[in-house]
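S.K.: Okay, handing you the structure first.
The values are calculated or read from the model by the stated rules, or taken from the named source; none is laboratory data. Being a predicted model, the structure only gives us computed values, none of them experimental. When we count neighbours, we look across all protein chains shown, and the Cβ atoms used for this are built from the backbone with ideal geometry, even at glycine. Accessible surface areas use protein heavy atoms only, side chains included; no ligands, DNA or RNA. Shrake-Rupley method; radii C 1.70, N 1.55, O 1.52, S 1.80 Å.
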Amino acid sequence: VLVFMDNSVRNRWIIAGIVIVGILLSSILFSVPEGRVAVVTLFGKPVRTYKTAGLKFKLPLPFEQAHIFDARKRVSKTRLTETLTKDKRNIVLVTYSVWQIDDPERFMKAVWSIDGAEQKLDGLITNAKNAVMGNYDFSALVSEQGEAQRIDDIEGDMLADVREEAQNRYGISVRQIGIQRIALPEENIRYVF
């Protein structure tokens, strides 16, 4: 049919065909950038996960939809919270955590966003901080004798408390928890000095 048409009509049909093919390809292809993961959902239910970068296939909307999440390591700080040590001293600790998405489907179902994940982690770390600090005296944080300080043990215990729960509930792998800042309420400053 195209052989008998004049050039202008044939060019329009070719351009229309290219546009239609482009629209179809853009609806079934998507790209997963480096450092990201994708969860493909079928009518809202996860069906496939892609953890490697590259060009991927899916059914067009409304059947399948691709949700892409940043899976690079992130650093989050907790809010200032007071906690008690074993010897009943109030301290204010600011901690940080290094984490990343490990199970994209669980992450999507439980928290959906980086902000949501940071809020959940803040709660987990605050609970762990309160539980762990109840096992250590104040001198484990601040002491003139270097051997009395046990900051590495405290950080390790907090990580052990948080790691499994974050993985199982939120699909988040917590790599490290550390103490960023130690502050004292006014009534404890005299005790320290």
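S.K.: Based on C-alpha coordinates, I'd like the Rg and Dmax of the chain, in Å.
M.R.: 26.5, 98
S.K.: For the stretch 31-124, which whole percent of the accessible surface, found with a 1.4 angstrom probe, sits on carbon and sulfur atoms?
M.R.: Taking all protein chains in place, the stretch 31-124 shows 53 percent carbon and sulfur surface.
S.K.: Using +1 on the beta carbon of Lys and Arg, -1 on that of Asp and Glu, and nothing else charged, what's the dipole of the chain about the Cα centre, debye to 20?
M.R.: My answer is approximately 980 debye.
S.K.: Oh, and also: Mean separation of Cα pairs under 8 Å and 6+ residues apart, divided by the residue count of the stretch 1-100: what relative contact order is that in percent?
M.R.: Relative contact order of the stretch 1-100: 20 percent.
S.K.: Build a GNM of the chain with springs between Cα atoms under 10 Å: which of V162, V111, V142 gets the top mean-square fluctuation?
M.R.: So, out of V162, V111, V142, the one fluctuating most is V142.
S.K.: If we count every other residue with Cβ under 10 angstrom of A128's Cβ, Lys/Arg +1 and Asp/Glu -1, where does the sum land?
M.R.: My count for the surroundings of A128 gives -1.
S.K.: Taking only the Cα atoms of the stretch 33-76, how large is their convex hull per residue, in Å³?
M.R.: 77
S.K.: Among the chymotrypsin sites (Phe, Trp or Tyr not before Pro) within the stretch 1-103, which fall in a DSSP loop and have no more than 14 other Cβ atoms within 10 Å of their own Cβ?
M.R.: F43, F63
S.K.: Can you tell which of G22, G134, G116 shows the greatest fluctuation in a Gaussian network model of the chain with Cα springs below 10 Å?
M.R.: Taking springs between Cα atoms under 10 Å, the residue moving most is G22.
S.K.: Next question. Can you compute the charge dipole magnitude of the stretch 83-147 about its Cα centre, using +1 on each Lys and Arg Cβ and -1 on each Asp and Glu Cβ, nothing else charged? Give it in debye, rounded to the nearest 20.
M.R.: Its charge dipole is roughly 260 debye.
S.K.: Could you do me a favour and compute the accessible area per residue for the chain, 1.4 Å probe, result in Å²?
M.R.: Value for the chain: 61 Å² per residue.
S.K.: Just to confirm a number: summing +1 for Lys and Arg and -1 for Asp and Glu over residues other than E34 whose beta-carbon lies under 15 angstrom from that of E34, what do you get?
M.R.: +4
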